[in-house]
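The values are calculated or read from the model by the stated rules, or taken from the named source; none is laboratory data. All values derive from a computational prediction rather than experimental measurement. Cβ coordinates were reconstructed from backbone atoms using ideal geometry, including for glycine residues, and neighbour counts include every protein chain displayed.
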Amino acid sequence: MSKRILFILVVLALAWSTTADVQAKSKKKGRFVGQTAMQVAKLMYPGWNLGNTMEAGSNTNSWKSVGVSTETAWQKTITTKELINFIKVQGFKSVRIPCAWVMGHITDTNNCTIDPQWMARVKEIVNYCVDADLYVVLNQHWDGGWLEHDGFTANADVALKKQQLTKIWTQIAEAFKDYDDHVIFAGLNEPGVGGAYQDNGKNIADDKLASRLAEYEQAFIDAVRATGGNNEYRVLVVQGPETNIDKTVKNNYYSKLNDKHTGRLMMEVHFYDPYQFTMMNKDESLEKMWYYWGKDNTGSDANRNANSNYTENYVKNQMAKLKTAFVDNGIPVIIGEFGADQRFAIGQDPIHDASIKAWYAAVTSYAINNGCIPYAWDVNTGNGMSIIDRSNIKVFNTNMMTGVTEGVAAAKWPY
């Protein structure tokens, strides 16, 4: 081989290497397209939750720093690049990362300073996702209830809470300001759940809850936009009151929000209905757990069959409400969490297995049909809401995974 040919080959190899390196980094540091929420939404379904992981810990550690070991406080597996790549192979297009910041990861209370080691670990997992061409929804989760509980009580110091929320989101936004459209921020999780009580013990009226929530969400939006860079146009997610569909539609506070740029916000709700089938863990005197769900799945014990008012048509109608209230008005919706407990070992009760698959398929397909992005909740703890065995990097619950896959196949994005 002549020296000239060898020289050309070396130059080409170096050029290819440099190009590949730039492409590998482009998702994190490269070209920001600035897609609108409606444009990016149709690229994000279906979604998967890295549940019980980065949001784990104890509220006794709120406003303290306890390091990065909390990642395995509620489940046993460190998140790896191999796991995230496996999630991509299963057909998921986005990953929601529930995250704690106040609960165990604050080094300076007055300034709400986030532990740099924790921020680095969160970024590492986000990088796994964007390197796999997965969209990421990074939030401020329950986080010990400092805002989602305490911020919705009658005697809450709302001004202080907004200041703290602003400081926290300013740091997160600064850390990710150079990332491209694949990174999306979600301001809260389930605002008002479990904490919206007045001094007289009664729930705060839904309209007052929504009004206060609008204040917190505005603080989140303003904090992110103020950091500039790609955050100027980044898609952001705001949450409905308690992420309850009916309350979100009824008390639609969206018009109260001010964003510098139109078309850059999404709404978030969660879906765990009907409770008797999805989450109820013991029989009550007036209500029993439902083991079977769907028009084709009934058992011999009528007490264990889901009420027909809460099967497929119920799911369809709930998702249609979101389309009418938000999607048809240019506001995409994410179903940030949905899931149902696997009550028996797989194969032990075939009708229950079929019910789980049918429920996951119905939620997935009806959500997508109505322009909503469904995110399956996954906690990596065996039975319950566990889809993926993260330690062995394989599908654990084939009922759930098949349901999601079939739901996607049966669905049609509406725009």
*Within region 238-272, how many residues turn out to be crowded, with 19+ Cβ neighbours inside 10 Å and either part of a loop (DSSP other than H, G, I, E, B) or of a type in the set (Asp, Glu) (or both)?*
7
_Being at pLDDT 95 or above and polar (S, T, N, Q) is the filter here; which residues of region 151-179 pass it?_
Gln163, Gln164, Thr166, Thr170, Gln171
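Residue by residue, here is whether (1) modelled with pLDDT under 95; (2) polar (S, T, N, Q); (3) more than 30 Å from Ile346 (Cα to Cα) holds:
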position	(1), (2), (3)
Ala210	yes, no, yes
Leu213	no, no, yes
Gln218	no, yes, yes
Ala226	no, no, yes
Arg234	no, no, yes
Asn258	no, yes, yes
Leu286	yes, no, no
Lys295	no, no, no
*Residues in region 377-399: is at least one at pLDDT 95 or above, farther than 25 Å from Lys76 by Cα and either of a type in the set (Val, Ile, Thr) or touching a strand residue (DSSP E or B) at 6+ places or on another chain (Cβ under 8 Å) (or both)?*
no
*Which numbered condition Gly229 misses (of (1) in contact with a Lys or Arg (Cβ under 6 Å, 6 or more places away or on another chain); (2) crowded, with 18+ Cβ neighbours inside 10 Å; (3) under 18 Å from Val33 (Cβ atoms); (4) not acidic (Asp, Glu))*: (2)
*Count, please, the residues in region 388-414 that happen to be without any contact (Cβ under 8 Å) to a residue 12 or more places away in the chain and assigned to a loop (DSSP other than H, G, I, E, B).*
1
*With Arg212, Arg225 as the choices, which residue is assigned to a helix (DSSP H, G or I) and over 25 Å from Glu337 (Cβ atoms)?*
Arg225
*Working only within region 354-390, note down all residues that are charged (D, E, K, R) and over 15 Å from the mean Cα position of the chain (by Cα).*
Lys357, Asp389, Arg390
*What single numbered condition from (1) surrounded by 15 or more Cβ atoms within 10 Å (Cβ to Cβ); (2) touching a residue at least 12 places away in the same chain (Cβ under 8 Å) fails to hold for Met280?*
(2)
*Enumeration of residues in region 211-224 that are surrounded by fewer than 23 Cβ atoms within 10 Å (Cβ to Cβ) and either β-branched (Val, Ile, Thr) or closer than 13 Å to Gly34 by Cβ (or both)*: Ile221
*Can you tell me which residue in region 385-412 is farthest from Tyr366 (Cα to Cα), limited to those that are small (Gly, Ala, Ser) and surrounded by 23 or more Cβ atoms within 10 Å (Cβ to Cβ)?*
Gly403
*helices (runs of 4 or more DSSP H) completely within region 273-387 that count 2 or more residues being touching a helix residue (DSSP H, G or I) at 6+ places or on another chain (Cβ under 8 Å) and hydrophobic (A, V, I, L, M, F, W, C)*: 312-325, 350-369
*asked:* Here is a list: Ala306, Ala411. Which entry is hydrophobic (A, V, I, L, M, F, W, C), out of contact with any strand residue (DSSP E or B) (no Cβ under 8 Å at 6 or more places or on another chain), at negative phi and at pLDDT 95 or above?
replied: Ala411
*Return yes when Val137 is closer than 24 Å to Leu265 by Cα, crowded, with 22+ Cβ neighbours inside 10 Å, β-branched (Val, Ile, Thr) and touching a residue at least 60 places away in the same chain (Cβ under 8 Å) and no when it is not.*
yes
*Specify the residue that is farthest from Leu43 (Cα to Cα); the eligible residues are those in region 217-263 that are of a type in the set (D, E, K, R) and within 17 Å of the chain's Cα centre (by Cα).*
Glu242
_Single unsatisfied condition, Thr311 versus (1) touching a Lys or Arg at 6+ places or on another chain (Cβ under 7 Å); (2) more than 30 Å from Asn251 (Cα to Cα); (3) β-branched (Val, Ile, Thr)_ = (2)
*asked:* Tell me which strands (runs of 3 or more DSSP E) are completely within region 60-150 and hold 1 or more residues being small (Gly, Ala, Ser) and at pLDDT below 95, or say none if there are none.
replied: none
